[in-house]
Amino acid sequence: MNSLQEQNQGGSAASQAKPDYDVISVGAGFAGLGLIHYMREAGMSIRVFDRASDIGGTWTWNRYPGAATDSEGYYYCLAFSKEILQEWSWTKRYPGWEETHRYMHFVADKCDMWPHIQLNTEIASAEFQEDSGHWLVRTGSGEEFTCKYFISGMGMISEPYIPNIKGKDSFKGPCFHSARWPQEGLDYAGKRVAIIGCGATTVQMLPIVAQTAESVTVFQRTPNFVMPAVQKPMTPEWEKEIKDNYEAIIEKCRSHAFGMAFDSPVGRNLADTHPDEVQRVFEEQWPKGSFRFVFETFDDLLSNPESNQAAADFIISKIRERVNDPELAEMLIPRGYPLFAKRPPLDHGFYEAFNRDNVHLVDIKDREPIVEITETGVRTTENLHEFDIIVLATGFKAYTGGIETVEIRGRSGETLKEKWESESKSIMGVCVADFPNFFVITGPQAPFANLPTSIEQNIIWITDCIKKMESEGYDVCTPLADAEDKWSAHTAEIHDQTLMAQGDKVNSWMMGANIENKKPRILIYHGGADVYYAKLRESVNAGFPELQFDKLAG
Ligand code: NAP
């Protein structure tokens, strides 16, 4: 019996029927590692399953060339251990996948997390058991485990989306989704490579692949607003400054609308600023790189359409400067939607890659749509483009896709996938009505923010809830339908006031609008991550009014 259960004097007879684990979680990425730390601290036994052969989540699956964080690495990390923050050294501003992956191993080693992790194990289903208040969790190979709390740490951008392009299985060479880049690596030097899709993944991948491939052809449907990342090495002076101020940096993330260590709001709107000054501010910020261009210039870029347009025009002027061929530049310019209606990528030489002779762009929206993939390449309405390798950088089933791979069946017998068929409602992205003792880390209707910051805030809320359950002797906590309706309505109200609400016009994954035949929906709370974290704390302080707590009859 763990320490919290020992404290519990009021537990019912049902709670004495011990499950295999207090907590089972799926996903050994940042969420899984964070959970192991916080659950162990709360005295809970925990098992984290992952179908991958290594920990890391995103950072073990996405091994494509150029994969790196778009948040600056020094705050793209778990903050629970001051010691780790001090001991780990990042080598650059935006660590590549290998470095982030090494960091995650460092955390797992340092905190002795491995005994709680079971890799190469797919979880197929989880079913709430009314009698015991436990979850029955089944692996793909039919093994069964029980737990009191079942938690999804499956990630919000984890399940690949592969569009139904005719003939995609007929290609004779390697043809795979970017998030399934062969784990052992792939020799593309001297090869003709196709990349279908033009989002953040392609923006990172293209400049690297183009360096050694014979040719790279990008099939683009919707151009993006791409801003410079501006990579730089971590110098000893910069590292010292970070480590001397780590607590303040983490606090800054928790107080920021996107969970980033940015100096915003800046207290200045573009709408109130003289155009010459606007230009000066943009020019000054541009070479510094990162999303700071949006967040550390003016406060109204995401709320005022004219201000947004001014920022968009500035980015477009930079595309024209960076791409030598004016016709190509025009093809790469985003039109007809505001900046941030699609998540803008950060680049490390994306536009400059199009100045190379071996890089080609095919406009599959207006000029030559894809007809099919053949044995040798991609046939459009105009040409047959021949390739050795085809990469499907076609995005993800964001927010719900990962969770929906598991058949999660709640109290009524309905699965989560069925429940989310036309609307993906939740309470603060952390729990779902009809699914007792079940929690989601960064689920639908949570904010889109620097993920480790949000992940840790979600885990803290979940841990506090579980602590209450254990110390007060409860068997079941049931998220209330009324609270779910309220949160969804609140999320919708805010969403409708933002420019992001136009995402459904441009297939934005932020509204699930990238998935063919799926009804676009509100997946993101746009009220600000800082406001959201405060709401999580309010909920804890108020004793979790969104949940009903029950003891089973003994
Ligand atoms: P994405 O931004 O959703 O881009 C997918 C691309 O595939 C789009 O260009 C899309 O065109 C295209 N596409 C989809 N279906 C298609 C079809 N049937 N035919 C032709 N093209 C099709 O996906 P992503 O680039 O993988 O990035 C997704 C998100 O993952 C990012 O926004 C980001 O949040 C995250 N990510 C983060 C990082 C990082 O932080 N370092 C790196 C990579 C990804 P349309 O635009 O026309 O739909």
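The residues of region 155-177 that are among the hydrophobic types (A, V, I, L, M, F, W, C) and either more than 12 Å from the ligand (Cβ to nearest atom) or within 24 Å of the chain's Cα centre (by Cα) (or both), listed by number, are MET156, ILE157, ILE162, PHE171, CYS175, PHE176. I'm checking my understanding of the structure. Among residues of region 488-508 that are closer than 25 Å to PHE435 by Cα and surrounded by 20 or more Cβ atoms within 10 Å (Cβ to Cβ), which one is nearest to the chain's Cα centre (by Cα)? So the residue we want is THR491.
When you look at ALA124, is it more than 16 Å from the ligand (Cβ to nearest atom) and not in a loop (DSSP other than H, G, I, E, B), yes or no? Spell out the reasoning first.
Details: more than 16 Å from the ligand (Cβ to nearest atom): yes; not in a loop (DSSP other than H, G, I, E, B): yes.
Judged against the criteria, ALA124 is a match.
For region 1-18, does any single residue satisfy the condition of being more than 13 Å from HIS116 (Cβ to Cβ), modelled with pLDDT of 95 or more and not charged (D, E, K, R)? No: region 1-18 contains no residue that is more than 13 Å from HIS116 (Cβ to Cβ), modelled with pLDDT of 95 or more and not charged (D, E, K, R). State yes or no: is TYR474 surrounded by 20 or more Cβ atoms within 10 Å (Cβ to Cβ), away from the ligand (no atom under 16 Å from the Cβ), in a loop (DSSP other than H, G, I, E, B) and at pLDDT 95 or above? It is true that TYR474 is surrounded by 20 or more Cβ atoms within 10 Å (Cβ to Cβ), away from the ligand (no atom under 16 Å from the Cβ), in a loop (DSSP other than H, G, I, E, B) and at pLDDT 95 or above.
Could you list, in sequence order, all residues of region 178-199 that are within 16 Å of the ligand (Cβ to nearest atom) and either surrounded by fewer than 20 Cβ atoms within 10 Å (Cβ to Cβ) or part of a loop (DSSP other than H, G, I, E, B) (or both)? Can you show your working first?
Step one: list which residues in region 178-199 are within 16 Å of the ligand (Cβ to nearest atom), which gives 178-181, 193-199.
Scanning region 178-199 gives ARG180, TRP181, GLY197, CYS198, GLY199.
Applying a threshold of 8 Å to beta carbon distances and a minimum spacing of six or more residues, or different chains, the list of pairs starting in region 502-526 at a residue that is farther than 20 Å from THR442 by Cβ and ending at one that is among the hydroxyl-bearing types (Ser, Thr, Tyr) and within 11 Å of the ligand (Cβ to nearest atom) reads GLN502/TYR337; LYS505/TYR337; VAL506/THR222; VAL506/TYR337; ASN507/THR222.
For every residue, the table says whether it meets (1) within 15 Å of the ligand (Cβ to nearest atom); (2) farther than 17 Å from GLY153 by Cβ.
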position: TRP59; (1), (2): yes, no
position: THR69; (1), (2): yes, yes
position: CYS77; (1), (2): yes, no
position: GLN86; (1), (2): no, yes
position: ARG93; (1), (2): yes, yes
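Within the set PHE30, PHE128, the sole residue that is in contact with a Ser or Thr (Cβ under 9 Å, 6 or more places away or on another chain), crowded, with 21+ Cβ neighbours inside 10 Å and aromatic (Phe, Trp, Tyr) turns out to be PHE30. Of the residues contained in region 491-502, none is found to be among the hydroxyl-bearing types (Ser, Thr, Tyr), farther than 30 Å from ILE36 by Cα and within 16 Å of the ligand (Cβ to nearest atom).
Of all residues in region 289-318, those that are touching a residue at least 40 places away in the same chain (Cβ under 8 Å) have Cβ atoms under 7 Å from Cβ atoms of residues that are acidic (Asp, Glu) and crowded, with 20+ Cβ neighbours inside 10 Å, 6 or more apart or on another chain, in SER290/GLU72.
Return yes or no: is ASN355 surrounded by fewer than 16 Cβ atoms within 10 Å (Cβ to Cβ) and either of a type in the set (Ser, Thr, Tyr) or under 30 Å from LYS92 (Cα atoms) (or both)? Full working, then the answer.
Values: surrounded by fewer than 16 Cβ atoms within 10 Å (Cβ to Cβ): yes; either of a type in the set (Ser, Thr, Tyr) or under 30 Å from LYS92 (Cα atoms) (or both): yes.
Spelling it out, ASN355 is indeed surrounded by fewer than 16 Cβ atoms within 10 Å (Cβ to Cβ) and either of a type in the set (Ser, Thr, Tyr) or under 30 Å from LYS92 (Cα atoms) (or both).
The values are calculated or read from the model by the stated rules, or taken from the named source; none is laboratory data. Please read these numbers as outputs of a predicted model, since none were measured by experiment. Here Cβ is always computed from backbone atoms with ideal geometry, including for glycine, and neighbour counts include all displayed protein chains.
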